[in-house]
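The values are calculated or read from the model by the stated rules, or taken from the named source; none is laboratory data. Bear in mind that the values here come from a model prediction, so they are computed numbers and not experimental data. All Cβ positions, even for glycine, are placed from backbone atoms using ideal geometry, and neighbour counts span all protein chains on display.
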Amino acid sequence: MLPKQYAFNLRHEKNFFSKARRIYSRYFTLFYIPSDHFGVTVVVPKKAARLATKRNWLKRQIKAAAIRVITALEEANTSFFVVLVAKSAAVAAPREDLFKELFSSLKKVVH
């Protein structure tokens, strides 16, 4: 489970998607804006996974990968609000591939 300190509520950030920069990958689209602390939100549309149980499972998988990436990137001293929008390819992807894809995408954000 994602610790509360890293939680990010999209409803509190007005016009997030219009202000955000984007990074596209095979399994998700990453939207980000600079911030004073790091925050992550995962969105899985119905188009990617029809059943709510599958969407929730995929959110948990991506959040678990995000925790591993956050701990690895905390030493960079940069902070962003990040929204990960999953694609349908992420449903069948192995957990380790999700981690690698997320790590490489967030490295692009940091550098």
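Yes/no matrix, rows are residues, columns are (1) of a type in the set (S, T, N, Q); (2) over 13 Å from residue 88 (Cα atoms); (3) in a strand (DSSP E or B):
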| site | (1), (2), (3) |
| --- | --- |
| 14 | no, yes, no |
| 22 | no, yes, yes |
| 30 | no, yes, yes |
| 33 | no, yes, yes |
| 36 | no, yes, no |
| 42 | no, yes, yes |
| 45 | no, no, no |
| 48 | no, no, no |
| 53 | yes, yes, no |
(request) Answer yes or no as to whether residue 2 is of a type in the set (A, V, I, L, M) and modelled with pLDDT under 80. (result) yes
(request) Among what's in the range 5-38 and is over 18 Å from residue 71 (Cα atoms) and charged (D, E, K, R), pick the residue that is surrounded by the fewest Cβ atoms within 10 Å (Cβ to Cβ). (result) 11
(request) Go through the range 79-90 and give me each residue that's more than 10 Å from the chain's Cα centre (by Cα) and surrounded by 17 or more Cβ atoms within 10 Å (Cβ to Cβ). (result) 80, 87, 90
(request) Tell me which residues, restricted to the range 91-111, are in contact with a helix residue (DSSP H, G or I) (Cβ under 6 Å, 6 or more places away or on another chain) and surrounded by 18 or more Cβ atoms within 10 Å (Cβ to Cβ). (result) 98, 99, 102, 106
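Of all residues in the range 63-89, which are assigned to a helix (DSSP H, G or I) and modelled with pLDDT of 90 or more? Reasoning before the result, please.
Taking the range 63-89 first, the residues assigned to a helix (DSSP H, G or I) are 63-76, 88-89.
The answer is 88, 89.
Which residues, counting only those in the range 94-109, are closer than 25 Å to residue 16 by Cβ and either of a type outside the set (S, T, N, Q) or in contact with an Asp or Glu (Cβ under 9 Å, 6 or more places away or on another chain) (or both)? Write out each step before concluding.
First, the residues of the range 94-109 that are closer than 25 Å to residue 16 by Cβ: 98-99, 101-109.
Matches in the range 94-109: 98, 99, 101, 102, 103, 106, 107, 108, 109.
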